[in-house]
Amino acid sequence: MMVIGLTGKAAAGKNVVADAFVKQGCAVIDVDRLGHPILEQNQALLGETFGPEIIKAGKVDRKTLGALVFSDPEKLKALEAITHPAMVKECKRLIDKAEKEGKEALLINAALLYRMQLYMLCDHVVLVKAPLFTRLKRSKKRENIPLKKFLARENAQKDIREDVFPPSLPVFILRNGSDKGLIHRQVTAYCATIGIGVSSS
């Protein structure tokens with residue numbers, strides 16, 4: 001089974017790219033979604049670590065927590081220390097499950113692919129890029145994020161770039177501007193080069 005890591009900065013369009021891979025027959029693990037139940041499982045510890053204001057209506061308020069940790073590198077590290085090990089463990093379980101099910105290819109959709117060391121499970125990495133201003137506009141439209149918070153998040157994602165990966169791991173760059181059709185064409189072409197997907201059958 002081919003395992004492909006998908007990474008990119010906030011609002012680069014990873015989910016659009018992941019959908020294009022699904023159309024090529026790839027299974028997908030959304031690592032961000034794996035973190036949601038893990039946050040709830042650690043609710044008491046998170047409240048103790050970051051303050052009761054992150055708990056609203058009996059649940060962890062991800063927006064409040066995100067604003068808090070992205071503005072403070074030490075708090076971000078503390079959050080990652082709590083959540084990342086369980087997320088990696090679950091990701092490995094799902095990879096094993098997909099392999100047993102005979103899947104041809106699996107995509108790990110993870111912004112922090114490198115930081116979580118999930119790239120070590122991958123045969124290839126696909127890095128999706130979009131211009132800074134484009135990503136800012138998408139973030140404002142999607143979550144009405146202020147410029148200051150966007151830049152704080154951007155600063156926290158400095159390690160999302162191609163040169164952090166070992167030279168032995170192939171890294172492919174996909175460009176995601178405003179043309180969704182271009183993304184689908186890039187994904188189709190990429191899948192064809194590695195011999196997977198609808199186009200290669």
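The values are calculated or read from the model by the stated rules, or taken from the named source; none is laboratory data. Just so you know, these numbers come straight off a predicted model, no measurement behind them. Neighbour counts run over all protein chains shown; Cβ positions are idealised from the backbone, glycine included.
Remarks
- Among the candidates A152, A192, A105, the residue that is at pLDDT 90 or above, surrounded by fewer than 16 Cβ atoms within 10 Å (Cβ to Cβ) and small (G, A, S) is uniquely A192.
- So A20, is it part of a loop (DSSP other than H, G, I, E, B), under 19 Å from the mean Cα position of the chain (by Cα), under 23 Å from T134 (Cβ atoms) and touching a residue at least 24 places away in the same chain (Cβ under 8 Å): no
- Taking the stretch 149-180 as the range and being small (G, A, S) and farther than 24 Å from V3 by Cα as the test, the residues that pass are A152, A156, G177, S178.
- When G195 is tested against (1) small (G, A, S); (2) more than 16 Å from V22 (Cα to Cα); (3) not in a helix (DSSP H, G or I), only condition (2) is not met.
- Tally of residues being in a strand (DSSP E or B) and surrounded by 13 or more Cβ atoms within 10 Å (Cβ to Cβ) across the stretch 57-98: 1
- In the stretch 1-11, of all residues being over 10 Å from the mean Cα position of the chain (by Cα) and assigned to a loop (DSSP other than H, G, I, E, B), the one that is surrounded by the most Cβ atoms within 10 Å (Cβ to Cβ) corresponds to A11.
Residues are listed down the side, and each one gets a yes or a no for (1) surrounded by 13 or more Cβ atoms within 10 Å (Cβ to Cβ); (2) touching a strand residue (DSSP E or B) at 6+ places or on another chain (Cβ under 9 Å); (3) in a helix (DSSP H, G or I):
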site	(1), (2), (3)
F133	no, no, yes
S139	yes, no, yes
D159	no, no, no
S168	no, no, no
F172	yes, yes, no
I183	yes, yes, yes
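- For the stretch 40-56, a residue qualifies if it is touching a Lys or Arg at 6+ places or on another chain (Cβ under 7 Å) and either over 30 Å from K97 (Cβ atoms) or surrounded by 14 or more Cβ atoms within 10 Å (Cβ to Cβ) (or both), and exactly one does: F50.
- Of the residues making up the stretch 32-48, none is in contact (Cβ under 8 Å) with a residue 24 or more places away in the chain, of a type in the set (K, R) and part of a helix (DSSP H, G or I).
- Residue list for the stretch 99-121, filter: more than 22 Å from G13 (Cα to Cα) and either outside any helix (DSSP H, G or I) or more than 19 Å from the chain's Cα centre (by Cα) (or both): E99, K100, E101, G102, K103, E104
- Unique residue being touching a Gly at 6+ places or on another chain (Cβ under 6 Å) and over 22 Å from G66 (Cα atoms) when the list is G181, G197, G102, G177: G197
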